[in-house]
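A.B. asks: Take a look at the following structure, please.
The values are calculated or read from the model by the stated rules, or taken from the named source; none is laboratory data. As the structure is a prediction and not an experimental result, all values here were calculated from the model. In this analysis, Cβ positions are derived from the backbone assuming ideal geometry, glycine residues included, and neighbour counts consider all displayed protein chains.
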Amino acid sequence: MVRRWMPWIMLGLIVLTAFLLYFLIWASVNAQLQAVKNGTIPAPAGGTAQLEQTLRMIAPDRVAQFGVGLVSGLGSVMLIVFAASHVGTEFGWGTFRTLLAHGASRTGFLVAKAVSLLLYAFVFIVVGTLAAIGASYAVSAVAGISVGSGVDVAEVTRAAVKAGYIFLPYMALALAIAVWSKSAGAGIAAGLVVYFAEGIVATLLVSLNKDYAEIVNWGLSRSVSAVTRAGSSAAVPDPTASTLPDPTRAAIVLAVYCVIFLVLAYWRLRSRDVTVGG
Amino acid sequence: MTGEVVLRTNGLVKRFGSITAVNGLDLEVRRGEVVGLLGPNGAGKSTTIGMVLGLIAPTAGSAEVLGRDVRVRREEALAGVGAMLEVTSFYPYLSGRDNLTGVALLRGGGALARVDPLLARLGLAQRGGSKFRTYSLGMRQRLGIASTLLSDPALVILDEPANGLDPAGQREIRELIRELAGENRGVLLASHLLHEVEQVCDRVLVIKKGKLIASGTIAEITRGGGSYFEIVVGDQTRAAQILRGLGVKEIRETPTGLDVVADPARGAELNRALASAGLYASAIVPRASSLEDVFMELTEPESPSASPAS
């Protein structure tokens with residue numbers, strides 16, 4: 001894995017994106033504030049408080065909400081791509097077949113893939129969180145924003161652990177689809193569709209009728225929201241937050257999904273005849 | 001054939017839906033011998049190898065390597081096998097050396113120490129550090145063969161090892177295969193290059209539609225095809241009639257005359273009989289069936305209107 005470019009590019013991207021977004025938010029909000037002060041644009045209805053509040057998101061004491069949230073959102077997408085690619089390319093290259101022919105076990109293969117994905121997710125969230133902290137301090141210094149009490153390490157760690165945890169079911173899903181389809185592309189597509197579409201559908205259904213929450217709360221996106229919001233104030237308000245499931249139940253639901261996806265992948269891998277192409 | 005049996009299959013069957021790819025195959029490979037697995041495309045050679053390596057689950061029957069059932073004790077069984085599959089696949093972003101190192105780590109034992117000597121043995125020492133994706137087809141084949149020897153195996157399985165190799169490379173591979181047998185390993189060689197099989201194999205198994213249709217040494221197999229005369233003559237129908245009158249049972253019409261299966265000592269008799277009937281052959285050439293002749297004969301597609309040999 002360390003010899004491939006993809007993991008390094010993804011780590012580089014998350015670092016770059018963190019710095020870029022922090023900078024862009026400051027630049028854009030600061031420009032608006034300046035424009036309001038100069039009278040170039042009219043002041044918003046509630047004054048500039050909202051803009052100043054947004055600017056405050058950059059401060060190091062808000063990394064747990066904003067910075068880690070940023071890493072979590074982008075990271076889910078990137079890790080879906082990575083998980084599907086990490087497994088799917090073995091079939092595309094035919095290396096799965098080669099490994100088995102040299103005595104590797106199918107169980108060992110899947111365990112090795114799952115463990116390496118887990119390790120990568122850990123490295124990714126650590127690097128991403130450190131990048132967010134670095135970006136927060138750097139942009140705060142440039143913008144002259146008070147660092148306040150600084151980074152609350154315990155809070156940021158809790159947020160990072162939760163972010164890392166919510167990566168797992170999506171990674172397991174992408175892995176399972178890649179194993180079933182023997183294709184990285186199918187794993188990426190299915191993972192991203194579920195990631196985006198399920199969340200939209202769930203939010204829409206709950207907005208229409210809160211009773212639907214009983215159903216959609218067993219899905220991935222609502223469980224992810226519940227875990228993310230547990231014990232912390234969210235960076236982005238959610239009008240359906242009151243109907244989210246209990247965080248503990250949500251965490252268990254996510255763990256069960258992980259197990260289901262891995263068992264499905266394992267079952268398929270065990271029972272498949274491996275012919276040319278994997 | 002006194003060496004230890006390193007591979008034995010018993011009634012191996014594989015069905016893919018309604019298609020039977022391998023049908024009750026029994027084969028045996030012993031230490032020190034090279035066994036050729038021959039068959040036309042789709043005969044079931046790669047499926048058989050897949051079942052031997054535990055890549056494909058047999059519908060019935062079993063495969064044993066060094067006495068270990070591949071389905072029950074796969075990892076143990078494959079510890080004694082080095083296999084190169086028809087399509088040689090390694091990680092494209094790793095060098096040849098790193099790919100071998102990866103396989104060696106998987107194999108354990110003293111495999112790591114064999115990486116560089118094997119690269120040298122297969123003529124890849126200079127390009128060992130180059131990425132696999134930059135390798136030519138021939139170099140990929142060589143790397144595949146090198147990977148089979150990392151575990152010092154008792155059984156080496158090679159599926160079309162000469163694919164993509166130039167004549168000199170093919171010759172080197174033939175020599176290598178003989179060396180492997182000389183090192184007291186059993187070698188199962190699947191190939192469609194009949195001259196290659198003819199030159200290196202001690203025994204040959206011919207399969208068609210998943211069934212074993214002939215087996216034995218090259219001499220035994222070609223003797224089954226028999227010696228024959230290639231007779232260049234006009235009026236093939238009348239000539240065939242005359243020769244049948246001499247008790248010749250197997251006659252095939254060719255564009256220039258007849259192929260007549262008969263004892264090599266009967267050349268003069270056939271010539272005399274034809275001449276007596278006013279049919280003068282422009283040539284009567286004694287031929288011995290080559291492996292290719294026998295292979296073509298054994299594996300030729302069955303025509304629904306085909307009648308028994310005359």
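A.B. asks: Could you figure out which of (1) under 27 Å from residue B:9 (Cα atoms); (2) touching a Leu at 6+ places or on another chain (Cβ under 9 Å); (3) not in a helix (DSSP H, G or I) isn't true of residue B:184?
C.D. replies: It fails just one condition, (2).
A.B. asks: Separate question: Sort through A:99, A:119, A:130 and tell me the only one that's free of Cβ contacts under 8 Å to residues at least 24 places away in the same chain and over 22 Å from residue A:184 (Cα atoms).
C.D. replies: Every option except A:130 fails the conditions.
A.B. asks: Which residue, of A:107, A:98, is in a helix (DSSP H, G or I), touching a Ser or Thr at 6+ places or on another chain (Cβ under 9 Å) and within 14 Å of another protein chain (Cβ to nearest Cβ)?
C.D. replies: Going through A:107, A:98 in turn, just one is in a helix (DSSP H, G or I), touching a Ser or Thr at 6+ places or on another chain (Cβ under 9 Å) and within 14 Å of another protein chain (Cβ to nearest Cβ): A:98.
A.B. asks: Still on this structure, please answer the following. Do we have any residue at all in region B:228-237 that's surrounded by fewer than 18 Cβ atoms within 10 Å (Cβ to Cβ), in contact (Cβ under 8 Å) with a residue 24 or more places away in the chain and farther than 19 Å from residue B:286 by Cβ?
C.D. replies: yes
A.B. asks: All but one of (1) among the polar types (S, T, N, Q); (2) farther than 29 Å from residue A:86 by Cβ; (3) facing chain A (nearest Cβ under 9 Å) hold for residue B:48; which doesn't?
C.D. replies: (3)
A.B. asks: Here is a check on your reading of the model: is residue B:287 charged (D, E, K, R) and either closer than 25 Å to residue B:195 by Cα or buried (at least 19 other Cβ atoms within 10 Å of the Cβ) (or both)?
C.D. replies: Criteria met by residue B:287.
A.B. asks: On the basis of being assigned to a loop (DSSP other than H, G, I, E, B), among the hydrophobic types (A, V, I, L, M, F, W, C) and either under 24 Å from residue A:94 (Cβ atoms) or within 18 Å of the chain's Cα centre (by Cα) (or both), does residue B:43 make the cut?
C.D. replies: In short, yes.
A.B. asks: Of the residues B:120, B:63, which is more than 9 Å from every other protein chain (Cβ to nearest Cβ), of a type outside the set (Lys, Arg) and crowded, with 18+ Cβ neighbours inside 10 Å?
C.D. replies: When all the criteria are applied, what remains is B:63.
A.B. asks: Here's a follow-up. Among (1) part of a helix (DSSP H, G or I); (2) at pLDDT 90 or above; (3) more than 14 Å from every other protein chain (Cβ to nearest Cβ); (4) surrounded by fewer than 17 Cβ atoms within 10 Å (Cβ to Cβ), there is one condition residue A:262 misses while meeting the rest; what is its number?
C.D. replies: So the condition that residue A:262 fails would be (4).
A.B. asks: Would you check which residues across region B:44-60 are buried (at least 18 other Cβ atoms within 10 Å of the Cβ) and in contact (Cβ under 8 Å) with a residue 40 or more places away in the chain and list them?
C.D. replies: Answer for region B:44-60, where residues must be buried (at least 18 other Cβ atoms within 10 Å of the Cβ) and in contact (Cβ under 8 Å) with a residue 40 or more places away in the chain: B:44, B:45, B:46, B:47, B:48, B:49, B:51, B:52, B:53, B:56, B:58.
A.B. asks: Go through (1) assigned to a strand (DSSP E or B); (2) within 22 Å of residue B:199 (Cβ to Cβ); (3) in contact with a helix residue (DSSP H, G or I) (Cβ under 7 Å, 6 or more places away or on another chain) one by one and return the number of the condition residue B:22 breaks.
C.D. replies: (2)
A.B. asks: While we're on this one: Out of the residues in region B:18-43 meeting the condition of being within 14 Å of chain A (Cβ to nearest Cβ) and modelled with pLDDT under 90, tell me which one is surrounded by the fewest Cβ atoms within 10 Å (Cβ to Cβ).
C.D. replies: The selected residue is B:41.
A.B. asks: When you look at residue A:90, is it touching a residue at least 40 places away in the same chain (Cβ under 8 Å), in contact with a helix residue (DSSP H, G or I) (Cβ under 7 Å, 6 or more places away or on another chain) and away from chain B (no Cβ under 14 Å), yes or no?
C.D. replies: no
A.B. asks: Follow-up question, since we're still on this one. Does at least one position in region B:86-95 carry a residue that is more than 10 Å from chain A (Cβ to nearest Cβ) and either without any contact (Cβ under 8 Å) to a residue 24 or more places away in the chain or in contact with a Gly (Cβ under 6 Å, 6 or more places away or on another chain) (or both)? Before the answer, list the steps.
C.D. replies: Here is the first cut: in region B:86-95, the ones more than 10 Å from chain A (Cβ to nearest Cβ) are none.
Scanning region B:86-95 turns up no residue that is more than 10 Å from chain A (Cβ to nearest Cβ) and either without any contact (Cβ under 8 Å) to a residue 24 or more places away in the chain or in contact with a Gly (Cβ under 6 Å, 6 or more places away or on another chain) (or both).
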